[in-house]
Amino acid sequence: MKGDGAGKNAKRPRYRRIADELTGKISAGTYPVGRLLPTELELCAKYRASRSTVREALRILRDAGLISRRRRTGTEVVAQTTPVNYRQPTNSIGDLLQYAEETRLTILSTRRVICDALLARQLECREGRAWLKINSLRSVPTDDRPICMTTAYVDADLPDIGARLGSVTGPISAMLEQSYGIRIARIDQSIQAMSLSRRQAELLHAEPGSPALRAVRRYYQPDGVLIEVSSAIHPADRFTYVTSLIRQ
């Protein structure tokens, strides 16, 4: 078991491993709240990593709410533990596919559905095609309340798709890539404000009518074929989308 864990850790990106180590040191008080982290150049030397790798690690800590970065001032530790409000970076496909490393998935139900005209338009396919409809909850270890409930559709004809879903902990999209050799080349995402219905509030341990965000994602293969559609509902007080825009 120890070897399996070490192998899995070795496969994680270098910036992620650096971020994990820095997070552990912040949690342990090695870098206390109110103090500055070492400079980028000092971290590059310590971890024998490039400046871009160190900056990506620090971005993860910033997005997690642990540090604050200011030009000419440095990188200050502002929290010892990650706030319960989950902050989701959405700067790349990699961010979305790695979304579940810090969360856990509970599948509530799976059901084979046949597309009528309305669903066929939503899933960009012909009427009569079969999809697997998956209802699930996702949560973080530090909070029993789910951070989202999701309804997803995937191709029902993928071999052993039902059995593979039973062991999924990360994103379903990542499982599709790893298990079936599918490459996700594009993700279209739309986000809208909404209020929770009584049933949604019950599943999410929230108040009926309270504010929420609905994020609909459409996952496309390189040839433009839609492979997955998901609709995730997040209570407003438990989830934040984080996007960095850089002028070229």
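The values are calculated or read from the model by the stated rules, or taken from the named source; none is laboratory data. All values reported here derive from a predicted model rather than from experimental measurement. Using ideal geometry, Cβ is built from the backbone for each residue, glycine included, and neighbour counts are taken over all protein chains shown.
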- Task: Hey, could you check region 136-162 for residues that are within 22 Å of Tyr241 (Cβ to Cβ) and β-branched (Val, Ile, Thr) and say which is modelled with the lowest pLDDT?
- Result: Thr142
- Selection over region 124-135 where residues are modelled with pLDDT under 95 and touching a strand residue (DSSP E or B) at 6+ places or on another chain (Cβ under 6 Å) yields a count of 1
- Hits in region 39-68 - residues which are part of a helix (DSSP H, G or I) and in contact with a strand residue (DSSP E or B) (Cβ under 7 Å, 6 or more places away or on another chain): Leu58, Leu61, Arg62, Asp63
- Query: Any idea which of Glu56, Glu40 is modelled with pLDDT of 85 or more, closer than 27 Å to Tyr219 by Cβ, surrounded by 11 or more Cβ atoms within 10 Å (Cβ to Cβ) and of a type in the set (Asp, Glu)?
  - Reply: Glu56
- If you go through region 96-116 one residue at a time, do you hit one that is over 29 Å from Arg14 (Cα atoms), basic (Lys, Arg) and modelled with pLDDT of 90 or more? yes
- Give just the number: which of (1) over 27 Å from Pro222 (Cβ atoms); (2) loosely packed, with under 12 Cβ neighbours inside 10 Å does Asp188 not satisfy? (1)
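Conditions tested, residue by residue: (1) outside the structural domain of Arg112 (by TED's automatic domain parsing); (2) in contact with a helix residue (DSSP H, G or I) (Cβ under 9 Å, 6 or more places away or on another chain); (3) surrounded by 17 or more Cβ atoms within 10 Å (Cβ to Cβ); (4) farther than 20 Å from Cys115 by Cβ.
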{"site": "Leu158", "(1), (2), (3), (4)": "no, yes, no, no"}
{"site": "Gly166", "(1), (2), (3), (4)": "no, no, no, yes"}
{"site": "Gly170", "(1), (2), (3), (4)": "no, yes, no, yes"}
{"site": "Gly181", "(1), (2), (3), (4)": "no, no, no, yes"}
{"site": "Gln192", "(1), (2), (3), (4)": "no, no, no, yes"}
{"site": "Glu202", "(1), (2), (3), (4)": "no, no, no, yes"}
{"site": "Pro208", "(1), (2), (3), (4)": "no, yes, no, yes"}
{"site": "Ala215", "(1), (2), (3), (4)": "no, no, yes, yes"}
{"site": "Gln221", "(1), (2), (3), (4)": "no, no, no, no"}
